[in-house]
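A short write-up of the structure that comes next.
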Amino acid sequence: MKRVSRFFKDKSGNIAVVFALSLVPVMGLAGVSVDTARLVNVRTALQAEADATALNAAVGGPDQNHGAQISAMNSRVLANFGDAGLSDLSINGAWDGLDFRVNASARVSTMLIHTLPAIGDSVRVSVRATARLHQPLLQYEPPEVSWLDPEAGDYNRIYVYCYDPDPEADKTPEQRRTQRTPVQDNNGINYLTRWPNQYSWPRCEEGETISFELYNLRFSRTNPERIDHNPDNDANWCQHSPTAGVPNPCRHRYFTDTALGNGQENHTGLQYDILETVLCESADECRPTSEGGIITSGKNRTPAQAERGCSPGRYMYYGWEDRPPGLPGGTANWTQMGWTDRDYDDIRIVMECPQIDTSAERYVRLIE
């Protein structure tokens with residue numbers, strides 16, 4: 001016992017013991033500083049490469065092959081860091097509407113930090129860059145396919161127009177809508193093909209977007225001429241009663257007033273849940289599932305909304321509900337104004353995504 005007591009009272013060698021005990025955390029902290037600085041440098045360089053690649057690819061536009069830009073970035077990164085412990089490099093890029101996004105990641109080996117518990121011998125570094133192509137002149141073409149439900153009790157007509165979404169423009173909603181042109185109705189009339197000398201597809205100006213109007217005329221499937229009559233005379237045939245908020249209850253006009261945001265269509269003019277949108281990789285995909293496509297059918301459902309922007313080579317499906325949910329009035333049957341079957345197939349249009357006018361000046365900027 002005396003020997004043990006003397007051992008604990010003996011202070012010789014304290015410095016050596018303290019140094020030995022503190023060496024591990026000191027070396028760990030030193031490793032943290034060295035490796036952290038190294039990881040930051042690699043990440044900064046990788047981010048700069050991603051930014052440059054996104055910008056260069058975006059300038060070419062969605063219709064150009066961006067594979068060369070991705071390959072060039074891969075080669076540069078490996079040339080600069082291949083001998084510095086960088087491995088498992090992954091780089092990919094893709095268009096989303098008018099946004100080109102680059103995602104890149106790699107593993108960077110550590111020099112000293114892995115001496116600490118639970119720290120591996122490499123750390124994954126990830127970056128992302130998105131460049132937006134500001135190409136205001138988009139060339140839209142007439143619909144590939146359009147269907148209007150011939151069984152509807154209402155008369156429906158689809159119009160197309162150009163919309164100016166500029167918030168700084170001192171214009172009324174009517175002034176923002178130009179080149180309004182009838183496209184088709186549910187009497188089987190295609191205005192563009194039947195009267196090509198009278199009606200033509202709009203060519204929007206810079207900054208404008210193609211938009212649609214649905215004109216729903218209640219109880220008039222067999223009386224389409226009413227659309228041009230004086231609304232003051234609607235009481236002679238309309239089965240709905242006017243209210244303070246709906247003075248013409250048998251005439252409903254729905255404007256999409258489409259604006260592009262983050263490469264996606266925003267239908268700023270729609271107050272009701274009236275439109276279903278689905279992005280298709282091909283025209284064949286934009287068919288009902290019963291015909292081998294991807295378009296859902298059925299009543300009393302929530303409409304799908306496209307989550308990606310429309311870029312060249314793809315197609316956008318638009319499915320309309322001519323009697324959207326949320327209108328005032330009774331809902332027991334179709335003679336009441338609030339009734340809806342929510343099938344979103346009363347009007348169906350398939351549009352090819354717009355082409356970019358390569359003759360106009362274009363510029364890009366990073367948005368993330």
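The values are calculated or read from the model by the stated rules, or taken from the named source; none is laboratory data. Note that this is a predicted model, so its numbers are computed, not measured. Note that each Cβ is placed from the backbone with ideal geometry, even for glycine, and that neighbours are counted across all protein chains shown.
Among the residues that make up region 289-302, is at least one of them under 22 Å from Ser146 (Cβ atoms), crowded, with 19+ Cβ neighbours inside 10 Å and touching a Phe, Trp or Tyr at 6+ places or on another chain (Cβ under 8 Å)?
Within region 289-302, one or more residues are under 22 Å from Ser146 (Cβ atoms), crowded, with 19+ Cβ neighbours inside 10 Å and touching a Phe, Trp or Tyr at 6+ places or on another chain (Cβ under 8 Å).
Looking at region 298-309, can you tell me whether even one residue there is farther than 20 Å from Cys353 by Cα and of a type in the set (S, T, N, Q)?
Scanning region 298-309 turns up at least one residue that is farther than 20 Å from Cys353 by Cα and of a type in the set (S, T, N, Q).
For residues in region 153-170 being part of a loop (DSSP other than H, G, I, E, B) and buried (at least 17 other Cβ atoms within 10 Å of the Cβ), which is nearest to the chain's Cα centre (by Cα)? Full working, then the answer.
Applying the first criterion (part of a loop (DSSP other than H, G, I, E, B)) to region 153-170 yields 153-154, 164-170.
Filter again for buried (at least 17 other Cβ atoms within 10 Å of the Cβ), leaving 154, 164-165.
Numbers: Asp154: 32, Asp164: 19, Pro165: 17 Å.
It comes out as Pro165.
Checking Gly338 against (1) under 30 Å from Trp237 (Cα atoms); (2) touching a residue at least 60 places away in the same chain (Cβ under 8 Å), only one condition comes out false. Which one?
(2)
Counting only residues that are acidic (Asp, Glu) and assigned to a loop (DSSP other than H, G, I, E, B), which one in region 47-97 is nearest to Gly313 (Cα to Cα)? Break it down stepwise before answering.
First, pick out the residues of region 47-97 that are acidic (Asp, Glu): 49, 51, 63, 83, 88, 96.
Next, from what is left, pick out any that are assigned to a loop (DSSP other than H, G, I, E, B): 63, 83.
Values: Asp63: 8, Asp83: 40 Å.
Among those that are acidic (Asp, Glu) and assigned to a loop (DSSP other than H, G, I, E, B), it is Asp63.
Does region 217-227 contain any residue that is among the hydroxyl-bearing types (Ser, Thr, Tyr), over 23 Å from Pro142 (Cα atoms) and either in a strand (DSSP E or B) or in contact with a Phe, Trp or Tyr (Cβ under 9 Å, 6 or more places away or on another chain) (or both)?
Yes: one or more hits.
Please find, among Cys250, Cys204, Cys238, the residue that is at pLDDT below 95 and surrounded by 18 or more Cβ atoms within 10 Å (Cβ to Cβ).
None of the others qualify; the one that does is Cys204.
Please determine whether any residue of region 276-297 is in the same structural domain as Met337 (by TED's automatic domain parsing), closer than 19 Å to Ala152 by Cα, modelled with pLDDT under 95 and assigned to a loop (DSSP other than H, G, I, E, B).
Checked region 276-297: at least one residue is in the same structural domain as Met337 (by TED's automatic domain parsing), closer than 19 Å to Ala152 by Cα, modelled with pLDDT under 95 and assigned to a loop (DSSP other than H, G, I, E, B).
Evaluate region 46-54: report whether one residue or more is touching a strand residue (DSSP E or B) at 6+ places or on another chain (Cβ under 7 Å), among the charged types (D, E, K, R) and at pLDDT below 90.
Checking region 46-54: not a single residue is touching a strand residue (DSSP E or B) at 6+ places or on another chain (Cβ under 7 Å), among the charged types (D, E, K, R) and at pLDDT below 90.
Out of curiosity, is Pro165 touching a residue at least 24 places away in the same chain (Cβ under 8 Å) and under 30 Å from Ala57 (Cα atoms)?
Yes: the conditions hold for Pro165.
Could you list all residues from region 179-193 that are touching a residue at least 24 places away in the same chain (Cβ under 8 Å) and under 24 Å from Asp164 (Cβ atoms)? Spell out how you get there, then give the answer.
In the first step, residues of region 179-193 are kept if they are touching a residue at least 24 places away in the same chain (Cβ under 8 Å); the result is 179-180, 182-188, 190, 192.
If the condition is that a residue be touching a residue at least 24 places away in the same chain (Cβ under 8 Å) and under 24 Å from Asp164 (Cβ atoms), then Gln179, Arg180, Pro182, Val183, Leu192 are the ones that fit.
Could you list, in sequence order, all residues of region 251-301 that are among the aliphatic types (A, V, I, L, M) and over 24 Å from Ala94 (Cβ atoms)? Break it down stepwise before answering.
Filtering region 251-301 down to residues among the aliphatic types (A, V, I, L, M) leaves 259-260, 270, 274-275, 278-279, 283, 294-295.
Leu270, Ile274, Leu275, listed by residue number.
Conditions: (1) over 21 Å from the mean Cα position of the chain (by Cα); (2) outside any strand (DSSP E or B). Glu213 meets all but one. Number of the miss?
Single failed check for Glu213: (2).
For the subset of region 60-99 comprising residues that are within 24 Å of Tyr363 (Cβ to Cβ) and acidic (Asp, Glu), which member is modelled with the highest pLDDT?
Here the residue is Asp99.
Hey, which of the strands (runs of 3 or more DSSP E) in region 313-368, taking only ones fully inside, have at least 2 residues that are modelled with pLDDT of 90 or more and not hydroxyl-bearing (Ser, Thr, Tyr)?
Qualifying strands (runs of 3 or more DSSP E): 315-320, 347-352.
Answer yes or no as to whether Trp237 is under 20 Å from Arg348 (Cβ atoms), among the hydrophobic types (A, V, I, L, M, F, W, C), in contact with a Lys or Arg (Cβ under 9 Å, 6 or more places away or on another chain) and in contact (Cβ under 8 Å) with a residue 12 or more places away in the chain.
So Trp237 fails the test.
Among the residues of region 100-159, how many are among the acidic types (Asp, Glu), at pLDDT below 75 and touching a Leu at 6+ places or on another chain (Cβ under 9 Å)?
Taking region 100-159 as the starting set, the residues that turn out to be among the acidic types (Asp, Glu) are 121, 141, 144, 149, 151, 154.
Adding the requirement that they be at pLDDT below 75 leaves 149, 151.
With touching a Leu at 6+ places or on another chain (Cβ under 9 Å) added as a condition, the list becomes none.
Final tally of qualifying residues: 0.
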